[in-house]
1. Per-residue ellipticity at 222 nm for the chain, helices alone: DSSP H runs ≥ 4 residues times -39500 (n - 2.57), over residue total, nearest 500 deg cm²/dmol?
2. Just need log10 I(q)/I(0) for the chain at q = 0.16 Å⁻¹, Debye formula, equal scatterers on the alpha-carbon atoms, no solvent, rounded to two decimals.
3. Report the Cα-based extents of segment 97-142 along its three principal axes, largest first, to the nearest Å.
4. For segment 26-135, state which chymotrypsin sites (Phe, Trp or Tyr not before Pro) are in a DSSP loop and have at most 16 other beta carbons lying within 10 Å of their beta carbon.
5. Dipole magnitude of segment 40-79 about its Cα centre, charges +1 at Lys/Arg Cβ and -1 at Asp/Glu Cβ only, in debye to the nearest 20?
6. Taking GluC sites (Glu not before Pro) that fall in a DSSP loop and have at most 14 other Cβ atoms within 10 Å as cut points, what is the longest piece of the chain between them?
7. Where nothing but the Cβ of Lys and Arg (+1) and of Asp and Glu (-1) is charged, how large is the charge dipole of the chain around its Cα centre, in debye to the nearest 20?
8. For the pairs LYS73/LYS113; LYS59/LYS113; LYS41/LYS140, note any where the Cα-Cα span goes beyond 25 Å.
Amino acid sequence: MQEYNLQTHSYQETESFGHRFASLLEAGDVILLNGDLGVGKTTFTRGLAQGLGISKNVKSPTFTLIREYQDGKMPLYHMDAYRLENNPDEDLGFDEYFHGNGVTVVEWPQFIKDEVPADHISVNLKRDPDSEDGRIINIKLHGDNYLNRDFGAIL
């Protein structure tokens, strides 16, 4: 497992990092976003979408569970599994997304942990205690899919 750490100092820097991160993504990649409410998971995803050439405004999928964005270089599937906390066994066809032709981003992945493929990227966002808008971002690459990609170059 490869691991990287990054600190951003503003909302714009977090979004910009997501934009750069998108340049290394390939179809079938699964990104698990972890962090407290309001820490910037959707901000990061908005940057990813921009980096994938998606022009639509990315919104949190809290009330829809899955938002699909098809107008970029490849599709982006943005999921929010928070509402599945009490229904973890519900079959929503996650495999079709995880092994599909786009990038899947999952917020609150702990609620569908049994569905997550072994090869995935964990992005953990935390508030920087020294900066109101700053974030500490930890990235862990799980699996062999990422061995030939230079994630360190985008930090």
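Just so you know, all these numbers are worked out from the coordinates, no wet-lab data involved. Just so we're clear, the structure is a prediction, and the values are computed from it rather than from any experiment. Don't worry about glycine lacking a Cβ; one is built from the backbone with ideal geometry, like all the others, and counts go over all protein chains shown.
1. Computed ellipticity for the chain at 222 nm equals -5000 deg cm²/dmol.
2. -0.85
3. Reported extents, whole Å, longest axis first: 39, 21, 16.
4. On the way: sites: PHE44, PHE63, TYR69, TYR77, TYR82, PHE94, TYR97, PHE98, PHE111; in loops: PHE63.
Passing both the DSSP loop test and the Cβ count: PHE63.
5. Working: 6 positive and 2 negative charges, 22 e Å.
Dipole magnitude for segment 40-79 comes out near 100 debye.
6. Values: sites that count: GLU26, GLU85, GLU90, GLU132.
My reading of the result: 27-84 is the longest stretch.
7. Details: 14 positive and 25 negative charges, 105 e Å.
Rounded to the nearest 20 debye, it is 500 debye.
8. Numbers: LYS73/LYS113 28 Å; LYS59/LYS113 23 Å; LYS41/LYS140 16 Å.
Too far apart for the 25 Å limit: LYS73/LYS113.
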